[in-house]
1. Translational diffusion coefficient, Stokes-Einstein: compute it for the chain using the Kirkwood radius over C-alpha pairs as Rh, at 37 °C and 0.692 mPa s, and state it as an integer in µm² s⁻¹.
2. Any chance you could give the angle, 0 to 90 degrees and rounded to 10, that helix 81-96 forms with the longest Cα principal axis of the chain?
3. Run the numbers on segment 130-189 and let me know its relative contact order in percent, using alpha-carbon pairs under 8 Å that are six or more apart.
4. ³J(HN,Hα) across segment 108-113 via Karplus (A = 6.51, B = -1.76, C = 1.60, θ = phi - 60°), whole Hz, x for Gly/Pro?
5. Roughly how much of HIS22 is accessible, in Å² to the nearest 10, using a 1.4 Å probe?
6. Counting only helical runs of four or more DSSP H residues, what would the 222 nm mean residue ellipticity of the chain come to if each run contributes -39,500 (n - 2.57) and the total is spread over all its residues?
7. Express the relative contact order of segment 79-170 as a whole percentage, based on alpha carbon pairs under 8 Å and six or more residues apart in sequence.
8. How much accessible surface does SER82 have with a 1.4 Å probe, in Å² rounded to 10?
Amino acid sequence: MAVRSSPLALTVLSLLHYKPLHPYGIQRLIRQWGKDQVVNVSQRASLYRTIERLTAEGLIRVRETERDQAYPERTVYELTDSGRVTARAWMDEMLATRRREFPEFPAALSHLPMITSEETLPALERRAVQADADLAELDAILAANVVDGHSRVAALETEYLRAVAVAERDWLRAVIDDLRSGRLAWQGA
């Protein structure tokens with residue numbers, strides 16, 4: 001049976017490729033390196049389940065258990081040779097293959113006839129404000145990467161997220177303008 005990939009599983013393998021870590025260290029690096037822009041680690045339980053699955057599949061293994069009086073016992077994991085091979089295969093697949101994803105926003109758009117255009121406009125305006133804030137945050141991250149001397153390749157996911165955010169913001173502004181002008185209207189429920 002083929003091992004199932006996921007963004008979080010790939011991230012764990014990638015960070016363990018960098019160096020052996022305990023789960024808290026993995027979570028800390030995900031946030032520190034800005035990978036939480038593309039991988040959801042808000043629930044620590046998801047990280048622990050992923051680590052358990054990768055261990056059971058032989059992609060990572062326990063390297064040691066650290067005992068320090070200042071901290072609870074910590075299990076340090078390392079990447080196996082099989083994990084290294086699998087991570088590279090996942091990278092190739094994820095980079096080369098477009099997959100259908102099912103985010104919330106397009107799902108909500110598909111049900112707009114349930115509400116009126118008057119209800120839709122303020123919701124889209126709030127989203128546009130958030131898109132502007134997200135763009136400012138992404139720009140700040142990119143600027144900090146330059147100041148810190150990071151290579152461009154280390155920030156490609158941020159560049160991608162910025163390009164997607166710009167496209168969404170521009171689309172939102174066009175739809176908002178069409179709603180305000182009356183060029184886009186419908187009968188609500």
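1. Values: Rh = 19.6 Å.
D = 167 µm²/s.
2. Here the helix axis deviates by roughly 20 degrees.
3. On the way: 23 pairs, mean separation 22.2, N = 60.
Relative contact order, segment 130-189: 37 percent.
4. 5, 4, 5, 10, 4, x
5. About 20 Å², ignoring ligands and nucleic acids.
6. Rounded to the nearest 500, the figure is -20000 deg cm²/dmol.
7. Details: 22 pairs, mean separation 24.5, N = 92.
That works out to 27 percent.
8. Result for SER82: roughly 60 Å² accessible.
The values are calculated or read from the model by the stated rules, or taken from the named source; none is laboratory data. Fair warning: this is a prediction, and the values are worked out from it, not measured in the lab. Ligands, DNA and RNA are excluded from the accessible area calculation, which covers all protein heavy atoms including side chains. Shrake-Rupley method; radii C 1.70, N 1.55, O 1.52, S 1.80 Å.
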